[in-house]
Number of protein chains: 2
Amino acid sequence: MDTTQRTDQQRSADRRRRELLEAADRVVLRDGPGASMNAIAAEAGITKPILYRHFGDKGGLYAALAKRHTDALLGALRAALDAPAERRERVEATLDTYLAAIEARPQVYRFLMHPSEGGPQNEQGFDMGAYSFPLLRRMGEELADVIEERVDLGPNSQQLARVWGHGIVGMMHAAGDWWLGERPCARAELVQALADLLWGRLAAAGDKAGGPGF
Amino acid sequence: MDTTQRTDQQRSADRRRRELLEAADRVVLRDGPGASMNAIAAEAGITKPILYRHFGDKGGLYAALAKRHTDALLGALRAALDAPAERRERVEATLDTYLAAIEARPQVYRFLMHPSEGGPQNEQGFDMGAYSFPLLRRMGEELADVIEERVDLGPNSQQLARVWGHGIVGMMHAAGDWWLGERPCARAELVQALADLLWGRLAAAGDKAGGPGF
DNA sequence: CTCATGTGTTACTTGCGGTAACGGTAGCCT
DNA sequence: AGGCTACCGTTACCGCAAGTAACACATGAG
């Protein structure tokens with residue numbers, strides 16, 4: 001029993017793992033994050049203990065599931081962030097990429113961010129918070145790296161970049177979440193509004209008549 | 001059986017409700033949001049069904065609990081937002097108020113925002129997501145109202161204000177969450193960094209040597 | 001043939017949210 | 001007084017989901 005066998009088995013196990021993840025994906029997207037391990041196992045054509053052998057516990061499964069989508073989204077964002085263009089254009093492209101992603105697959109988004117609420121009858125859900133925030137944190141850190149690498153912020157640039165990275169990601173996330181729920185305007189308008197905000201239009205705007213401004 | 005009796009009973013019920021909420025508060029702050037209804041009932045010196053008679057279900061209890069803290073925080077924020085001062089000063093005061101609140105009572109904050117994870121051994125938590133986002137949404141809406149009321153944004157000001165309200169709140173929240181976890185700097189520095197971001201310093205900064213900027 | 005190993009199962013335990021059914025106890029009515 | 005109606009409280013239970021133990025079948029190696 002050595003490498004060759006091990007690799008064979010590992011390949012097989014990896015394929016199985018992928019199949020299980022795809023089944024889990026289908027169920028979670030259909031039934032919401034409250035989906036039970038039994039349901040996921042049934043969809044995969046097997047039974048619970050196998051899931052536990054592969055993923056340890058439900059958290060492990062959900063983490064693996066979240067990682068897939070998270071990686072895909074981060075890849076798209078990185079591409080937008082790396083395109084050759086002016087800074088504002090890049091910012092807009094990145095915002096648009098994120099918003100387009102959550103608009104195109106709101107089910108996935110809701111799973112990643114609001115892992116409760118989901119299916120028709122959603123009762124006692126699951127812990128969560130443990131999968132959504134990794135995504136936001138990772139996005140924040142990556143954006144911080146990009147900012148620090150490319151923007152001249154003078155002294156203390158590292159900390160400033162990290163604050164901004166997390167702050168901008170949070171802005172994008174919260175605005176996107178609200179927008180996705182209410183759909184008050186077209187995506188492009190939202191992108192413009194957010195870019196304007198980042199471009200200091202709040203500071204530049206005048207007060208309205210009737211008192212000191214905000 | 002009419003008003004007088006009813007009011008007496010209602011007063012008594014309200015007092016009871018307050019006591020129960022305080023007990024729940026203690027337990028949740030001690031054991032984290034995974035606290036069981038049994039534990040809360042025990043802390044209050046009673047048993048489960050009474051909790052259910054008062055709050056319907058666990059969601060109702062947590063919602064009531066969250067509302068208390070949410071209202072308190074919103075009150076403080078409104079005060080900071082209404083102080084007579086220049087716009088930038090107000091923004092800084094508001095940011096500082098929020099950050100001071102979460103710094104002073106991280107347990108409460110974690111309950112409101114990340115209702116999973118909590119006590120030492122926290123496993124199967126609870127659904128959640130249903131209590132944190134109301135807070136963010138309410139803050140976003142209130143800020144939007146203030147912006148629209150006081151800042152001259154030209155046409156489409158209503159939508160712009162709402163986007164910005166939610167966006168700024170999200171920025172504050174995400175940056176605060178990250179900062180609370182890592183404590184990389186003093187609160188005042190964070191406030192400055194965020195205010196600088198809102199004041200367009202990202203747009204104003206130059207590119208770093210080595211390529212087009214972010 | 002046997003034995004180790006990986007894959008799968010059934011059947012169970014534990015602990016939670018939530019509820020039904022029952023017991024006291026205060027006040028009001030006649 | 002005696003009984004009736006609400007209300008506060010209890011015990012004991014249901015359903016369900018996470019997670020686990022113990023067992024069963026295959027298959028390839030010696």
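Read-outs throughout are calculated quantities, based only on the coordinates presented, and are distinct from any laboratory measurement. Predicted model only: the values in this text are computed from it and were never measured. Cβ sites come from the backbone with ideal geometry, for glycine too, and all protein chains shown count toward neighbours.
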>> Looking for one value pair here: nearest-to-axis residue in chain B (by Cβ) for the rotation onto A, and the distance in whole angstrom.
In response: B:200, 1
>> Under the convention of a label 7 Å out along Cα→Cβ, give the distances in nm from residue A:67 to the same position in every other copy, shortest first.
In response: 4.2
> According to a simple spin-label model (label point 7 Å from Cα along Cα-to-Cβ), what is the distance in nm between residue B:12 and residue B:36?
Replying inline: 3.1 nm
> Under the definition of partner shielding as Cβ atoms of other protein chains within 10 Å of a residue Cβ, what is the mean value for peptide B:81-90?
Replying inline: 3
>> Please compute the Kirkwood hydrodynamic radius of region B:139-214 from all pairs of different C-alpha atoms, in Å with one decimal.
In response: 14.3 Å
> Can you list the equivalent-ellipsoid semi-axes of region A:3-202, largest first and in whole Å, using the square root of 5 times each Cα gyration tensor eigenvalue?
Replying inline: 35, 21, 14
>> Could you tell me the extents of region B:8-56's C-alpha atoms along the three principal axes, largest first, rounded to whole Å?
In response: 34, 18, 17
> Quick one: label points 7 angstrom along Cα→Cβ at residue B:53, distances to the other copies in nm, smallest first?
Replying inline: 5.1
>> Defining the label point at 7 Å along Cα→Cβ, can you sort the distances from residue A:38 to the same site in each other copy, shortest first, in nm?
In response: 2.1
>> Between residue B:103 and residue A:187, how high is the FRET efficiency from 1/(1 + (r/R0)^6) when r is the Cβ-Cβ distance and R₀ = 25 Å? Nearest 0.05.
In response: 0.10
> Can you give the mean number of other chain Cβ atoms that lie within 10 Å of the Cβ atoms in peptide A:185-196?
Replying inline: 3
>> I need the phi-derived Karplus couplings for region B:75-88: 6.51 cos²θ - 1.76 cosθ + 1.60, θ = phi - 60°, integer Hz, Gly and Pro marked x.
In response: x, 4, 5, 4, 4, 5, 6, 9, 4, x, 5, 5, 4, 4
>> Can you compute the FRET efficiency between residue B:26 and residue B:74 using 1/(1 + (r/R0)^6), with r the Cβ-Cβ distance and R0 = 25 Å? Round to the nearest 0.05.
In response: 0.65
> Can you list residues whose amide H is under 5 Å from residue B:151's amide H, if they're 5+ apart or on another chain and H is modeled 1.01 Å from N?
Replying inline: A:208, A:214
>> How much length would be gained if the chain were fully extended between residue A:157 and residue A:88, taking 0.36 nm per residue of separation minus their Cα-Cα distance, in nm to one decimal?
In response: 22.9 nm
>> Give me the extension gain from residue B:67 to residue B:142: residue separation times 0.36 nm, minus the current Cα-Cα distance, reported in nm with one decimal.
In response: 25.5 nm
> In peptide B:157-164, how many Cβ atoms from other protein chains are near each Cβ within 10 Å, on average?
Replying inline: 6
